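As structure tokens, the structure follows; a few thoughts come after it.
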Amino acid sequence: MKKKMLLLNTTVLLGLGGVLSPPAYASTIQDMESQKSQIQNQRQDVQSNIKAASDELTRLQAEQDQMKAQLERLTLAEEENNKKAQKTEADIKETSKQVDQLEKEIKLLQEKLEKRNDILKDRARSMQESGGNVEYLQVLLGSSSFGDFVDRALAVSTIVDADRGILKETKNMQDELKTKQADVKSKLASLEDMKAELDEMTVQLAAQKKQKDALAKELKDKEAKNEELKASLQSKDSSLANEQSTLEQNIKDQKAAEEAARKAAAEPAEKADSPSPKAAPKASSNDVAPTSAPAPKASNVVTVGNRWIGNSAYVFGGGRSQSDINHGLFDCSSFVHWAYSQVGVNLGPLGSVSTETLKHAGTQVSSSQMQPGDLVFFDTYKKDGHVGIYVGGGKFIGAQSSTGVAIANMSSGYWKQKFNGRVVRI
């Protein structure tokens, strides 16, 4: 019965097709469904590409934000280091003036000392040749009485003692000035070394900033191209959506026309029961309860600083305020202090922490017994001028002037040359 009805309907449709079907419906429903399927597949591909472009944009924007934050840190670090370099340069000039002044004073004292030495030498020579100093003998022989002689003798003795006292005082002053001069020269040398390190640091920070500026521009260009690609894909998807919508409407119209033709041509007949749609299966109520993530293990001092890698900058004397720490601005000793504070170990007042305080903070151990968590020291601009935390495998983590917080290799290259063998276990 169904086959007969199908043949009949087909015959009627073929006979009436030229009358009932407008030109827009020249394609069969099957062709249009095929076209619709193709468009849907194309849209799936395009939407998949749009999602990929959106994901890439999100990634690029996150990287751009991270790069922007790091550039701000580097700018802050550069400003702080420049201030310290300027202050150090001013200190060097002032200390140089002190050295010059002390050298002048020493020269004057040396001249005075030489004159007094000459006078004493002459007196000693006169006393040796004549059995006594001529001037002193004349004073003594001119006495009018024994009492006068004693008074004159005491006077002469006083003069000699006074000469000796002045000479000794002058010599002591000269020694004191030389000590001051040595101290000031040592301070000057330390300041000059510090200035050299700060200058090098400034160059490194500028190079980092330039490199990151270039990378930020590259990321911005990629972001712009990706935005353009996403817009193009969205436009294509919109166009395909319009085509799909048109096809769906055409299919709907074609089906409506065919149904109208079928009804007009069909004789009353038993309507075939259309199968009722199957009930959708009920969602299972046996949902698996989400498992709670294991509690994170407490960070140790070797890894706690990893969060600052790529997110920090070196500032000479930095890291001693909460603002510096919030911005990731550290020097070597303040970073070590911060890292140990994160695992509950206090290494003394933050404001006064230095490589000098840290090298006395624990127990000195042999470098052959070095283990992760130990402090390792390096001779940079001065002895024990740099400190880091040993992480194992010949590497240490620390705030380096060239990179900010980073893991560096101390078993070869620069840090191997600078490592002085000092290891402190906290």
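The values are calculated or read from the model by the stated rules, or taken from the named source; none is laboratory data. Note that the structure is predicted; figures quoted are calculated from it, not measured. All Cβ positions, even for glycine, are placed from backbone atoms using ideal geometry, and neighbour counts span all protein chains on display. Surface areas here come from the heavy atoms of the whole protein model, side chains and all, with no ligands, DNA or RNA. Shrake-Rupley method; radii C 1.70, N 1.55, O 1.52, S 1.80 Å.
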* To do: Read through the list (1) assigned to a helix (DSSP H, G or I); (2) closer than 17 Å to residue 374 by Cβ, then give the number of the only condition that residue 324 fails.
  => (2)
* Asked: Out of curiosity, is residue 335 assigned to a loop (DSSP other than H, G, I, E, B), touching a residue at least 60 places away in the same chain (Cβ under 8 Å) and surrounded by 13 or more Cβ atoms within 10 Å (Cβ to Cβ)?
  -> no
* Report whether or not residue 158 is modelled with pLDDT under 75, under 38 Å from the mean Cα position of the chain (by Cα) and either hydroxyl-bearing (Ser, Thr, Tyr) or surrounded by 15 or more Cβ atoms within 10 Å (Cβ to Cβ) (or both). => no
* Residue ID - least open to solvent (accessible area, probe 1.4 Å), chosen from residues in the stretch 226-257 that are more than 51 Å from the chain's Cα centre (by Cα) and of a type in the set (D, E, K, R) -> 253
* For residue 407, which of the numbered conditions (1) assigned to a loop (DSSP other than H, G, I, E, B); (2) in contact (Cβ under 8 Å) with a residue 24 or more places away in the chain fails to hold? -> (1)
* Pairs with Cβ under 9 Å, 6+ apart, first in the stretch 49-71 and closer than 16 Å to residue 217 by Cα, second surrounded by 14 or more Cβ atoms within 10 Å (Cβ to Cβ) and among the hydroxyl-bearing types (Ser, Thr, Tyr) -> 70/312
* So residue 278, is it modelled with pLDDT of 75 or more, among the charged types (D, E, K, R) and out of contact with any Gly (no Cβ under 8 Å at 6 or more places or on another chain) -> no
* Among the residues of the stretch 213-225, is there at least one that is closer than 30 Å to residue 385 by Cα and surrounded by 12 or more Cβ atoms within 10 Å (Cβ to Cβ)? -> no
* Selected residue (only one of 336, 288, 376 is at pLDDT 95 or above, farther than 30 Å from residue 62 by Cα and of a type in the set (Val, Ile, Thr)) -> 376
* To do: Within the stretch 356-380, track down each residue that is in contact with a Leu (Cβ under 9 Å, 6 or more places away or on another chain) and either assigned to a loop (DSSP other than H, G, I, E, B) or buried (at least 16 other Cβ atoms within 10 Å of the Cβ) (or both).
  => 358, 359, 361, 362, 375, 377
* **Test for residue 302: is it in contact (Cβ under 8 Å) with a residue 60 or more places away in the chain, in contact with a helix residue (DSSP H, G or I) (Cβ under 9 Å, 6 or more places away or on another chain) and more than 25 Å from residue 75 (Cβ to Cβ)** => yes
* Asked: Given 310, 351, 318, 344, which one is at pLDDT below 95 and touching a Phe, Trp or Tyr at 6+ places or on another chain (Cβ under 6 Å)?
  -> 318
* Test for residue 328: is it in contact with a strand residue (DSSP E or B) (Cβ under 9 Å, 6 or more places away or on another chain) and either modelled with pLDDT under 85 or closer than 23 Å to residue 85 by Cα (or both) -> yes
* To do: Could you please let me know if residue 348 is in a loop (DSSP other than H, G, I, E, B) and within 19 Å of residue 208 (Cβ to Cβ)?
  => no
* Structure fact -> Cβ pairs under 8 Å, 6+ apart or interchain, first in the stretch 357-369 and touching a residue at least 40 places away in the same chain (Cβ under 8 Å), second open to solvent by 50 Å² or more (accessible area, probe 1.4 Å) and assigned to a helix (DSSP H, G or I), ordered by first then second residue, are none
* Selection count where residues are open to solvent by less than 40 Å² (accessible area, probe 1.4 Å) and over 23 Å from the mean Cα position of the chain (by Cα), scope the stretch 70-98 -> 4
